[in-house]
Amino acid sequence: MIFRVLKILPIIVFFLSPTLADENNAEISFYTGTFDVIDKEGDDKTSLFGIEHKNPDLFRDTILGKFKPVSGAFITGNSSVYLYTGVEGQYELGPLKILPSFTPGYYEKGDGKDLGSILEFKSEIKLGLDIFDNSKLSYSYSHISNNDWGDSNPGTDNQQITFSKNF
C-alpha cells in the first residue's frame, strides 16, 4: 500500500502545484471516510483518505448559483486510487453550506473493487459548517459509477468527513 501512495503522490503534486504556485488564495481539504458503504457482499467496504483543492478566486456567480473548479484524489485501504477534477456548486442557508459536485476522473482498482472502467464519474453532496475563521468541517456522501460505459457498472457509495482550510 505504501508503494502505491508513493507512486501516486508525485501525480497529485504535479496537478496541484501549478495551481498553488500562482495563488495567494487556495482552499485545501483533507478527508477520510468509508469506501463502498453499501457493500452487499461485504468484501469491498474499506477506509479512504483524500485531498482536494479549490480556488475561491475562481468562483463564478451564475443564475443557478456559485460554481468553482475542484480537483483531488483519494486512496482506499485496498489501494484503489481515484484522481478527479470537475465543478462544485455552493449554496448557503445561514451558517450551513450545501456543496453539490460532479467530478469525472481516473480510477485504478488496485486490490479493491473493480468498478468496470478507468473512467468513472463522482456525484457528491456535501454539508458544511464554518467552524473557525477560514476553516470548514463537512460531511459528504458520494456515488461513483461509469454510466454503463465500462465492462460492468457496480458503482460505489462513499461517505466522508472533511476538514477544509483557506490559505
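Here are a few things to note about the model shown:
- Being more than 23 Å from SER47 (Cβ to Cβ) and in a strand (DSSP E or B) is not true of PHE121.
- Within the range 79-135, being among the hydrophobic types (A, V, I, L, M, F, W, C) and in contact with a Gly (Cβ under 9 Å, 6 or more places away or on another chain) holds for VAL81, LEU83, LEU96, ILE98, LEU99, PHE102, LEU115, ILE118, LEU119, PHE121.
- Only a single criterion out of (1) part of a strand (DSSP E or B); (2) under 17 Å from PHE35 (Cα atoms) is not satisfied by SER101, namely (2).
- Flag if LYS136 is modelled with pLDDT under 95, under 17 Å from GLY50 (Cα atoms) and either in a strand (DSSP E or B) or among the hydrophobic types (A, V, I, L, M, F, W, C) (or both): yes
- Set LEU127, LEU119: member being farther than 21 Å from GLY33 by Cβ and in contact with a Phe, Trp or Tyr (Cβ under 8 Å, 6 or more places away or on another chain): LEU119
- LYS45 surrounded by fewer than 16 Cβ atoms within 10 Å (Cβ to Cβ) and among the basic types (Lys, Arg): no
The values are calculated or read from the model by the stated rules, or taken from the named source; none is laboratory data. Quick caveat, the model's predicted, so the values are computed rather than measured. Backbone-built Cβ (ideal geometry, glycine too); neighbour counts: all protein chains shown.
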